[in-house]
Every structure is written in structure tokens, then in C-alpha cells.
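> First the structure, then my questions, so here it is.
Every number in this text was worked out from the coordinates using simple rules, so none of it is lab data. What you are looking at is a predicted structure, and each value in this text was computed from that prediction instead of being measured. Cβ placement follows ideal geometry from the backbone for every residue including glycine, while neighbour counts extend to all protein chains displayed.
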Amino acid sequence: MGVDYTSHYGIGFQIKYIDFESENKSSINTEHECLEEYLDEELDSELFSWFKVGEGSYTGEQDEYYVTINSPFESGINGLEYKETILRLGLKGLKLEPIGSFGSIGGLEVS
């Protein structure tokens, strides 16, 4: 049995995990089976990306989920504040709750 390590990083937010198998899955009304599927299908992939970090695939523990801005410095450092606002609105529209502060995020995904 091997272990793979994948590093992920970006500029954005950690988001609160939503358990799509529980009856109390927030106010999200969706047919998606899991958070990964929800993010893949509903997140605007032209503007944002997502990743998870942790060792949940290996240990069964809950991974942490993050949403990042694609090309955060495309308009220079001065455009980052605007992109943060767009990200916050996008997360709110998807009923995803940011955890912590906006900024540099990342870590290892162990699988």
C-alpha cells in the first residue's frame, strides 16, 4: 500500500465542510451527492478553483476544503481586493461559509 502526497496552494478561503449525506445539509437545495461534486458542478471554474488537504483518504478523518481565485494577480496587486469581493459573493451565492481570513492558503493532500 503506497501513500501519495499532493501539494495544493492558492489565494482564497477555507470553507466549512457540508455533509451532503446528513439530513441537515444547511440550506443548500441540491441533488449532488457530496461536497466535491457540488463544487465541481456549481463553482464558476473560470474564476475559481477548489482543493482539499488532509489525510482523510488515508485515515478516514475529515479533510479541509478551500476555494481559490484563478489568476489572482492578473490585474496586479490592486485588483486583488476586487477579486476577494467577487469570491465572497460567489461563496455566499453557493451557500458556502468561509472559515478564517482571506489570504494565502494551502497544504498537503495525503491519499
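> Where Lys and Arg each count +1 and Asp and Glu each count -1, what net charge lies around Leu108 among other residues with Cβ under 13 Å from its Cβ?
Net charge around Leu108: -4.
> Which of Thr30, Thr59, Thr68 has the fewest other C-beta atoms within 10 Å, and how do the rest follow up to the most?
Final ranking by Cβ density, sparse to dense: Thr59, Thr30, Thr68.
> Farthest toward the dipole's positive end in the chain, which of Pro72, Leu94, Ser57, given Cβ charges of +1 (Lys, Arg) and -1 (Asp, Glu) about the Cα centre?
Farthest along the dipole direction, towards plus: Pro72.
> If you take every residue apart from Ile77 with its C-beta less than 14 Å away from the C-beta of Ile77, what net charge results, scoring Lys and Arg +1 and Asp and Glu -1?
In short, -2.
> In addition: Going by Cα centres, segment 84-107 and segment 32-70 are how many Å apart?
Segment 84-107 and segment 32-70 have Cα centres spaced 12 Å from each other.
> Roughly how many debye, to the nearest 20, is the charge dipole of the chain about its Cα centre, given +1 on each Lys and Arg Cβ, -1 on each Asp and Glu Cβ, and no other charges?
Magnitude of the dipole: close to 560 debye.
> Taking every DSSP beta bridge with both residues inside the chain, roughly what % is antiparallel (nearest 5)?
Details: 20 of 21 bridges.
Within the chain, antiparallel bridges account for around 95 percent of the total.
> A further question on this structure: Using Cα pairs closer than 8 Å and at least 6 residues apart in sequence, work out the relative contact order for segment 1-82, in percent.
That works out to 32 percent.
> On to the next question. What does the net charge come to around Asp63 if you take all other residues with beta carbon closer than 10 Å to its beta carbon, with K and R at +1 and D and E at -1?
-4
> Work out Dmax and Rg for segment 23-111 from the C-alpha atoms and quote the Rg first, both in angstrom.
My reading of the Cα-based Rg and Dmax gives 14.2, 44 Å.
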